[in-house]
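Below you'll find the structure, written out as structure tokens, and then a few comments.
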Amino acid sequence: MMNPENTSREILVAVGGEENIISLVHCATRLRFKLKEHVKANKEQCKNIDGVITVVESGGQFQVIIGNRVSEVFNAIQAITQLGNNDSAAAIKNDDGEKEGLFARAVDIISGIFTPFLGALAAAGILKGLLMMLTALGWMSPQSGVYIIWFAAADSIFYFLPIAIAITSARKFGANAFVALSVAGALVYPTLITLFNNKAALDFFDIPVILMRYTSSVLPVIISVWLLSLLERFLNKHLHDSIRNFITPLICIMLIVPLTLIAIGPLGTYLSLALANGYTFIYNLSPILAGIVAGMGWQVLVIFGLHWAFVPIMYNNISIHGSDTLKPLFAPSNFAQAGAALGVFLKTRNPKIKQIAGPATITGLFGIVEPIIYGISLRYKKPFIWATVGGGLGGAISGFAGSTAMAPGIPGLATLPIFFGPGFTGFICAITLAFVFTAVSTYLFGFNDNMEKEMLANVGEHKKPVKRSTLVAKSV
């Protein structure tokens, strides 16, 4: 069994030590390092660490894929380092001293902002879905105390989403988290919400304030905290040490809050509307074609960690429309990968491959697909191709059915309640087809035990690949 403490120490050595790390976050399966110098990291050494599935360098990040126990390794690293306080807004440079590309930096920023609270959002989304199912079936009344309390628990993080985003954005941009919280808190302050609901007029030194609803909003607070970080650095540079600790926050709150309400907030809201409407326009052109493209392409993006570029679209859709149609399009691809693992499990007679494919099938059904991708489907190639086809077929059905998701969450059996609503039956058909089609296709056409022998012969090794695969089995 993997020892998180030992694994964390070995990973730190492999990435070049704590002094080579700018920041570290984690998602459901990956440690996402932002490194000062990538040349100091030993990718092959890191791959061979007990508990590490593989390593991917993408989006300006050094991504160490662990699997289900990633949070244990992350916590172990935090316990023996000072990385929890190392988030920086400094410009990121690559090994040649040049600034990274805009897309790579955007992916890094998005993942850094959203990953810390994904688990809480997923849990809240599942609870909201369960409550919807219970009330739709007539098993619970919306007026009951149980429903009211559970709904408050489920809806609170969505209602106060700007505050959660403000905290993580402050860490990412290098701003004071509590000042950022004050800015976000003003956006959801009850008095301002009441004025908005009553369609009241408000001005700031005779400058009209466009009142809007910012609960559950995404872009306005991110833009505001980014500007806050710039203002803080400017003030801290020019104010004397004796007054900096309280004058900087004072000036920031006095300037950023009204600036947000007058200009940044409305601008961010209009950008959010434009983004949501733009996606809806493309989706409405052909939901089936959109489903095919998303279902076939999503796992390719996952391989390189580039799927984060689409996360703001999903959050924004939920914020603007109350639901999202993008997640149901790519969700079947997760079940397709699980089907590929099942096909290999049923076809192989190699006990070591069965040790990998069996547990990977189960974790894949619950949305954790990296052990399948790196341990099975990409390893033998054809299972990945069939999973891509299966994901596309499932995505097409979801698009045809108009399936929606009401909350974020990794698509899997545990998160099915977040898809309860329009197109839910079609969504169940989509994931079932993706899973069964890929399992059968992989069993019949996508795998045989000779693939393992041929692969070992091609690389000229007969033991190391098996050892690497065993690591995958342990990590799940």
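Rounded to the nearest 0.05, what FRET efficiency is calculated for Leu413 and Val39 with R0 set to 51 Å and r the Cβ-Cβ distance? Provide the component values of the computation, followed by the final result.
Values: r = 42 Å, r/R0 = 0.83.
Calculated transfer efficiency: 0.75.
If the chain linking Thr215 and Ala201 were pulled fully straight, counting 0.36 nm for each residue of separation and taking away their Cα-Cα distance, it would gain 3.1 nm. The HN-Hα couplings worked out from phi for segment 323-338 by the Karplus form 6.51 cos²θ - 1.76 cosθ + 1.60 (θ = phi - 60°) are 7, 10, 9, 6, 4, x, 6, 9, 4, x, 5, 5, 6, 5, 4, 4 Hz, whole numbers, x standing for Gly and Pro.
Put a dot 7 Å past the Cα of Arg233, heading toward its Cβ, do the same for Ala177, and the two dots end up 2.0 nm apart. Annotation: amide H of His26 within the under-5 Å range of Arg32, sequence separation 5 or more or interchain, hydrogens built in the peptide plane.
Put simply, the amide H of Ile21, placed in the peptide plane, has neighbours under 5 Å in Lys36, leaving out anything fewer than 5 places away on its chain.
Fewest Cβ neighbours within 10 Å first, please rank Thr260, Thr215 accordingly.
Thr215, Thr260
In terms of overall dimensions, segment 4-86 has a Cα radius of gyration and Dmax of 10.9, 29 angstrom. Site pair Met133 and Asn75 shows an inter-label distance of 2.8 nm when each label is modelled 7 Å from Cα along Cα→Cβ.
For segment 160-283, report the convex hull volume of the alpha-carbon atoms normalised per residue, in Å³, without decimals. Don't skip to the answer; put the middle values down first.
Details: hull volume 14.5 nm³, N = 124.
Looking at segment 160-283, the number lands at 117 Å³ per residue.
Please compute the net charge surrounding Val302, taking Lys and Arg as +1 and Asp and Glu as -1 over other residues with Cβ under 12 Å from its Cβ. Intermediate results must be reported in sequence, preceding the final value.
Details: positive: Arg30; negative: Glu370.
With Lys, Arg at +1 and Asp, Glu at -1, the neighbours total 0.
Exactly which chymotrypsin sites (Phe, Trp or Tyr not before Pro) in segment 156-264 are in a DSSP loop and have at most 15 other Cβ atoms within 10 Å?
Numbers: sites: Phe158, Tyr159, Phe160, Phe173, Phe178, Phe196, Phe204, Phe205, Tyr214, Trp226, Phe234, Phe246; in loops: Phe160, Phe205, Tyr214.
Within segment 156-264, the qualifying chymotrypsin sites (Phe, Trp or Tyr not before Pro) (loop, at most 15 other Cβ atoms within 10 Å) are Phe205.
How would you order 146-152, 2-8, 71-77 from highest to lowest mean count of nearby Cβ atoms within 10 Å?
Per-residue mean Cβ counts within 10 Å order the peptides as 71-77, 2-8, 146-152.
Panel note: the C-alpha atoms of segment 296-403, placed on their principal axes, show extents of 50, 26, 20 Å (largest first).
Most exposed first by the Cβ proxy, i.e. fewest other Cβ within 10 Å, how do Thr388, Thr325 rank? Spell out each step's value before the answer.
On the way: Thr388 22, Thr325 25.
So the residues, fewest neighbours to most, are Thr388, Thr325.
Diffusion coefficient (Stokes-Einstein, Kirkwood radius over C-alpha pairs, 10 °C, 1.306 mPa s) for segment 287-475: 97 µm²/s, rounded to a whole number.
Think of it as helices only: each DSSP H run of n ≥ 4 in the chain is worth -39500 (n - 2.57), and spread over all residues that comes to -20000 deg cm²/dmol at 222 nm.
Where a number appears in this text, it was derived from the coordinates with a stated rule and is not lab data. What you are looking at is a predicted structure, and each value in this text was computed from that prediction instead of being measured. Glycine also receives a Cβ, built like all others from the backbone with ideal geometry; neighbour counts cover every protein chain displayed.
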